[in-house]
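Colleague: Below you'll find the structure I mean.
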Amino acid sequence: MVMSQTKAAFGQAEPADYESAVSARNISKNYGAVEALRDLSLEFPRGQLTSLLGPSGCGKTTLLKIIAGLLQPSAGEVEVNGHTVTGPGPDRAFVFQDFALLPWATVMRNVAFGLEMRGVAKSEREGIAAKYIAEVGLSGFEHSYPHELSGGMRQRVGLARALSVDAQVLLMDEPFSAVDEQTRRKFQEDLLALVQHENKTFIFVTHSIEEAVYVSDQIAILLPRPSRVSEIIRPSSFRSKGVDNIRRDPEYLDIVDQIWASLRSYVE
Amino acid sequence: MIVFGYRLPGMSSLIVWGLLWELVGRLKLTFFVPPLSEVVATLYTVIGTAAFQKALAETAYAFLAGVGFAIIIGIPVGILMGKNRLLDELLLPWVNVFLSAPLTALVPVLMVLFGFGMKAIIITTTLFGIWIIILNSRAGVKQINRSLVEMAHSFGASPVDAFFKIYFWAALPEILGGVRIGIIRAVKGVIIGQLLISIVGFGALFELYSANFLMGHFWAVLIVLFALAFTISEFLAYLERRVSYYAAKR
């Protein structure tokens with residue numbers, strides 16, 4: 001009975017009744033003789049959160065950076081809203097694993113940095129930045145420096161910076177891996193609310209199975225050497241049951257087990 | 001330092017050395033060391049003389065120009081070397097050679113190339129200071145966090161923006177360290193230049209006083225020079241402390 005629920009969830013990966021915001025088509029990436037990605041294709045539905053999940057070294061961060069335009073694929077192409085990616089663009093914003101904050105700049109300047117690079121006037125960009133600083137819960141810390149903040153607060157700055165440029169696609173590279181467990185849980189809940197309220201497409205790299213299943217509308221499982229998409233899982237039922245009930249939903253637990261079963265053999 | 005429960009102000013150890021100097025001078029052990037009190041008295045009379053003020057102006061001009069070139073050329077070259085592999089391979093051996101080379105031996109060549117005037121002195125000063133500035137700026141850029149560069153790139157920073165808003169600030173603690181050491185070396189450069197190339201400025205005063213055994217005058221000018229170099233170095237150390245809040249956390 002429980003298994004059939006899982007099958008139902010897996011079955012829904014097939015019909016494409018959604019619109020793609022980002023398409024990766026036949027992406028290959030070689031580093032010299034090393035094949036990091038081979039002929040990888042993946043669709044990212046608009047307004048939803050897609051996780052890239054896989055064992056370390058499976059090329060998930062490489063794929064994310066190719067989508068960001070920070071790396072060039074050896075073959076294949078990425079389309080964002082119908083436009084082929086040739087480099088970084090205002091339609092995408094990146095959240096970094098190590099936060100990538102300017103240590104010499106205040107929270108305000110860090111959050112406004114993306115807008116500063118786009119030539120937005122100082123008073124205007126600080127107004128926008130102040131709004132997002134408040135949104136991520138850092139009001140009162142506008143004039144603090146990154147080293148005065150905890151890891152979780154620093155990542156909130158990174159998130160506010162990505163939100164303030166108002167890109168349609170948010171690329172998150174293991175954003176919660178450098179913060180402690182309790183902060184991470186809070187972040188995951190906040191992320192669910194964010195996906196629901198902001199009409200943005202999220203691409204989320206993680207190595208945590210539970211995290212991927214908890215936050216994702218769609219989970220792409222990547223297997224390594226060379227990387228390809230081995231499975232796409234679309235959880236169906238527990239998303240609407242509220243943040244407190246997700247972790248004990250049978251479907252949630254089944255998917256976590258299912259993913260572990262397919263990844264187990266790749267973990268040394 | 002705390003002695004017998006009293007906190008002594010910074011550099012109070014200088015008092016001990018000053019007393020020792022005075023003692024050695026009073027004992028008349030050697031003509032080379034007159035008592036400190038005599039040196040200080042000479043200092044006051046010397047500072048007022050036209051010769052001293054001319055020397056100070058000439059030296060300051062050569063020093064500031066030389067250091068200015070060293071900084072204006074050294075920092076961008078160092079940053080570009082840190083960013084660009086090709087440029088680095090091309091220039092690094094030369095920078096290392098000149099950093100450790102006995103530059104004094106080069107001064108005669110500079111005299112031939114640039115004449116016996118201010119130009120050669122300024123170039124000597126620059127040559128003494130620039131290499132460590134280049135090397136430190138390069139090191140500062142080399143240690144920059146890759147994801148900061150990626151972050152700037154992902155938000156669409158132009159190369160000029162990246163240079164002035166990321167690379168320069170990320171490397172600033174190392175750059176200031178390099179400038180401080182470079183300036184200390186440049187003090188040597190300007191005096192050596194003045195002594196070897198053309199006898200002007202403080203170089204001329206040293207020459208004059210030591211040739212006439214005016215040791216009080218000699219020491220007075222030396223004290224002025226040491227004090228100036230020390231003050232500049234301390235000012236840069238202060239600037240370095242201003243950026244230290246992020247230096248350890250990049």
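Colleague: With a cut-off of 8 Å between alpha carbons and a minimum separation of six or more residues, what is the relative contact order of chain A in percent? Mind showing how you got there, number by number?
Modeller: Working: 507 pairs, mean separation 72.7, N = 268.
About 27 percent, as a whole number.
Colleague: Per DSSP H run of n ≥ 4, the term is -39500 (n - 2.57); total these for chain B, divide by its residue number, and report the mean residue ellipticity at 222 nm rounded to 500 deg cm²/dmol.
Modeller: Values: 10 runs with 192 residues, N = 250.
So the calculated ellipticity at 222 nm is -26500 deg cm²/dmol.
Colleague: Collect residues whose amide H, placed 1.01 Å from N in the peptide plane, falls under 5 Å from the amide H of residue A:229; neighbours closer than 5 in sequence don't count.
Modeller: A:41
Colleague: A further question follows. I need the helices of chain B that pass two filters: whole DSSP H segments spanning 30 Å or more by Cα along the axis, and mean Kyte-Doolittle score no lower than -0.5. It would help to have the intermediate numbers written out before the result.
Modeller: Details: long enough: B:50-83 (49 Å, 1.37); B:118-142 (36 Å, 1.25); B:168-196 (39 Å, 1.33); B:215-247 (47 Å, 1.09).
Sorted by number, the helices that extend far enough and score high enough are B:50-83, B:118-142, B:168-196, B:215-247.
Colleague: Ignoring everything except DSSP H segments at least 4 long, calculate the 222 nm mean residue ellipticity for chain A; use -39,500 (n - 2.57) per segment, divide by total residues, nearest 500.
Modeller: -11000 deg cm²/dmol
Colleague: Let me ask you something else. Report the net charge of residues surrounding residue B:199, where surrounding means a beta-carbon distance below 15 angstrom and charges are Lys +1, Arg +1, Asp -1, Glu -1.
Modeller: Numbers: positive: B:54; negative: B:58, B:207.
Its environment carries a net charge of -1.
Colleague: What shape does chain B have by the C-alpha gyration tensor, where a ≥ b ≥ c are the square roots of the eigenvalues, rounded means a/c under 1.5, and otherwise prolate means a/b greater than b/c and oblate the rest? Present the calculation step by step, with values, prior to reporting the outcome.
Modeller: On the way: a/c = 2.92, a/b = 1.58, b/c = 1.85.
Cα axes put chain B in the oblate bin.
Colleague: Within 10 Å of each residue's Cβ, count the other Cβ atoms and sort A:189, A:174 from fewest upward.
Modeller: Working: A:189 15, A:174 20.
Taking fewest neighbouring Cβ atoms as first place, the list is A:189, A:174.
Colleague: To continue, here is another question. Evaluate the relative contact order of segment A:109-194 (contact order divided by residue number), counting alpha-carbon pairs under 8 angstrom at least 6 apart; express in whole percent. Intermediate results must be reported in sequence, preceding the final value.
Modeller: Values: 64 pairs, mean separation 28.3, N = 86.
Computed over segment A:109-194, the figure is 33 percent.
Colleague: Turning to a different aspect of this structure: Take peptide B:143-151, look around each residue's Cβ out to 10 angstrom, count Cβ atoms belonging to other protein chains, and average those counts.
Modeller: Numbers: counts 0, 0, 6, 2, 9, 7, 2, 9, 16.
The shielding value for this peptide is 6.
Colleague: Related question: Taking the beta-carbon count within 10 Å as an exposure proxy, list A:101, B:110 from fewest neighbours to most.
Modeller: Details: A:101 27, B:110 19.
Ranking A:101, B:110 by Cβ neighbours within 10 Å, fewest first, gives B:110, A:101.
Colleague: For segment B:36-247, what's the relative contact order in percent, using C-alpha pairs closer than 8 Å and at least 6 residues apart? It would help to have the intermediate numbers written out before the result.
Modeller: Values: 253 pairs, mean separation 62.9, N = 212.
Here the relative contact order equals 30 percent.
Colleague: Quick one: order A:29, A:122 by neighbouring beta-carbon count within 10 Å, fewest to most.
Modeller: Listing A:29, A:122 from fewest to most nearby Cβ atoms yields A:122, A:29.
Colleague: Can you work out the PRE-style zone for residue B:8? Point 7 Å along Cα to Cβ, and I want the residues of segment B:212-250 with backbone N under 18 Å.
Modeller: Answer for segment B:212-250: none.
Colleague: Out of all DSSP beta bridges with both ends in the protein assembly as shown, state the antiparallel percent to the nearest 5.
Modeller: Working: 22 of 41 bridges.
Antiparallel bridges make up about 55 percent of those DSSP assigns within the protein assembly as shown.
Colleague: With a ≥ b ≥ c the root eigenvalues of the C-alpha gyration tensor of the protein assembly as shown, is it rounded (a/c under 1.5), prolate (a/b larger than b/c) or oblate?
Modeller: On the way: a/c = 3.40, a/b = 2.57, b/c = 1.33.
Prolate, since a/c reaches 1.5 and a/b exceeds b/c.
Colleague: Just to confirm the number: angle between the C-alpha axis of helix A:107-117 and the first principal axis of chain A, 0 to 90 degrees, nearest 10?
Modeller: Result, in degrees: 80.
Values in this text are rule-based calculations from the coordinates and carry no lab data. Since the model is a prediction, treat every value here as computed from it, not as a measurement. Positions of Cβ are generated from backbone atoms using ideal geometry, with glycine treated the same way; all protein chains shown enter the neighbour counts.
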